Amino acid sequence: MDIEQLNINYGIAGQLRFVKGDGGFPFILISNRSATALISLYAGQVLSFKPTGEGEDLLFLSQKAYYDAGKAIRGGIPICWPWFGPDPKDLNRPSHGFVRNSLWAVSGTQAVSEFETKVKLRFLETEQSESFWQQPFSLDLEISVGNTLTLELTTRNTGNQVFSITQALHAYLLIGDINQMRILGLDGTGYTDNLDSYTQKLQMGAVTVTGEVERIYADVKNELIIDDSAFNRQISITSSRNKTAVVWNPWTTKSEKLPDLENDGYQRFICVETGNVVADVVEIPPGNEYSLLTNFRISRN
Ligand code: TA6
């Protein structure tokens, strides 16, 4: 569906319109009394969210991000589904699944009020996606843009056999300075340190970053706080139906291997990814569904 038809079918005067974005992909511009947001139909990815009066975006978006079919966009909130990380079956399928590098469709838009706008996206299966995943499914993402940002990712098993998934909302949170950032709410939580031979460790106190970090926290509380003191703000991440959260920053060591990330980009984001990853596998029987929900709120000290 082209931009004009999308605007005819789903545009909302004064709140929501479709534009041709980077890479020629359809983007959704939302502007209501609470916030502005930018969503790419390619990848079903929120790229920007900025509450009215807030000086900084919630999200980091790489200045060198790719906007090419088949490639992931570096930043915003990529959707990792139906697996998190490398292909669990080692069949050379894409890392983090196949929906963050494919087109989604709009299945609905709604002006809840002048303060809140909702968008419902549905993943569009392709021959390639069917070659990656043979179980019949539907995948919907509902995005609510108001004074906070909410994403709800719903998987339905429309077939007659049970299937299992892992998944995550791989949020790149913009911060003023990685050296001043702390993550609160993980004190006393066990984690797997992927950069130290997958050793099991216990988080003591706030999470701070002084080098490359890639940790999978298990049995997390439903609210995590990023204390972004350089921007004099806190970002609250409240999630439901996930037991795990991933904390990642590439520092210089991994950044050098990421051509779609500017060299100093690591200083301006922390990835806190809420989801069901590694051991937190979600089994969905035929005819059932499973929703992962995460809300992001910015507050001032
Ligand atoms: O954030 C966890 C992680 O799995 C890291 O290993 C790192 O690879 C990151 O995801 C980004 O993955 P990507 O495939 O987007 O480069």
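The values are calculated or read from the model by the stated rules, or taken from the named source; none is laboratory data. Owing to the predicted nature of the structure, the values given are computational and were not obtained by experimental measurement. So basically every Cβ, Gly included, is an ideal-geometry build from the backbone, and we count neighbours across all protein chains shown. Accessible surface is based on the protein model in full, side chains and every heavy atom, while ligands, DNA and RNA are left aside. Shrake-Rupley method; radii C 1.70, N 1.55, O 1.52, S 1.80 Å.
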(message) Testing the spin-label approximation: label points 7 Å from Cα along Cα→Cβ at Asp219 and Trp251. State their distance in nm.
(response) 2.9 nm
(message) Could you report the chain's accessible area per residue, 1.4 Å probe, as an integer in Å²?
(response) 43 Å²
(message) Can you compute 3J(HN,Hα) from phi for each residue in region 101-110, using the Karplus curve 6.51 cos²θ - 1.76 cosθ + 1.60 with θ = phi - 60°, rounded to whole Hz and x for Gly and Pro?
(response) 10, 8, 7, 10, 10, 8, 10, x, 9, 8
(message) From the phi angles alone, apply the Karplus equation (6.51, -1.76, 1.60; θ = phi - 60°) to region 70-78 and give each ³J(HN,Hα) in whole Hz, x where the residue is Gly or Pro.
(response) x, 10, 7, 8, 7, x, x, 10, x
(message) Check which residues have an amide H placed less than 5 Å from Leu174's amide H, if you skip close sequence neighbours.
(response) Leu59, Phe60
(request) Give the residue from Gly205, Ala72, Thr52 lying farthest towards the positive end of the charge dipole for the chain; charges sit on Cβ (+1 for Lys and Arg, -1 for Asp and Glu) and the dipole is referred to the Cα centre. (result) Thr52
(request) For region 3-300, count all C-alpha to C-alpha pairs, find those more than 36 Å apart, and express that count as a whole percent of the total. (result) 12 percent
(message) Rounded to whole Å, give me the distance from the Cα center of region 170-212 to that of region 25-43.
(response) 30 Å
(request) Mind checking which of Ala245, Asn147, Pro94 is farthest towards the positive end of region 3-300's charge dipole, using Cβ charges of +1 (Lys, Arg) and -1 (Asp, Glu) about the Cα centre? (result) Asn147
(request) Could you tell me which GluC sites (Glu not before Pro) in region 239-289 are loop residues by DSSP with no more than 12 other beta carbons within 10 angstrom of their beta carbon? (result) Glu256
(message) Give me the percent relative contact order of the chain, please, defined on Cα pairs under 8 angstrom at least 6 residues apart.
(response) 17 percent
(request) Could you list, in their original order, any pairs among Lys89/Lys243; Lys50/Lys120; Lys71/Lys254; Lys201/Lys254; Lys20/Lys64; Lys71/Lys243 whose Cα atoms are separated by more than 25 Å? (result) Lys71/Lys243
(request) With +1 on each Lys and Arg Cβ and -1 on each Asp and Glu Cβ, and nothing else charged, work out how big the dipole of region 3-300 is about its Cα centre, in Debye to the nearest 20. (result) 380 debye
(request) Rounded to the nearest 0.05, what FRET efficiency do Gln200 and Lys20 give with R0 = 45 Å and r taken as the Cβ-Cβ distance? Could you check? (result) 0.40
(request) Sketch the reach of a paramagnetic label on Asn263 as a point 7 Å from Cα along Cα-to-Cβ, and name the residues of region 205-220 whose backbone nitrogen lies under 19 Å away. (result) 211-212
(request) Quote to one decimal, in nm, the extra length available between Tyr66 and Glu4 on full extension: 0.36 nm per residue of separation minus the C-alpha distance between them. (result) 19.8 nm
(request) Can you sort Asp219, Asp196, Asp57 by 1.4 Å-probe accessible area, starting with the largest? (result) Asp219, Asp196, Asp57
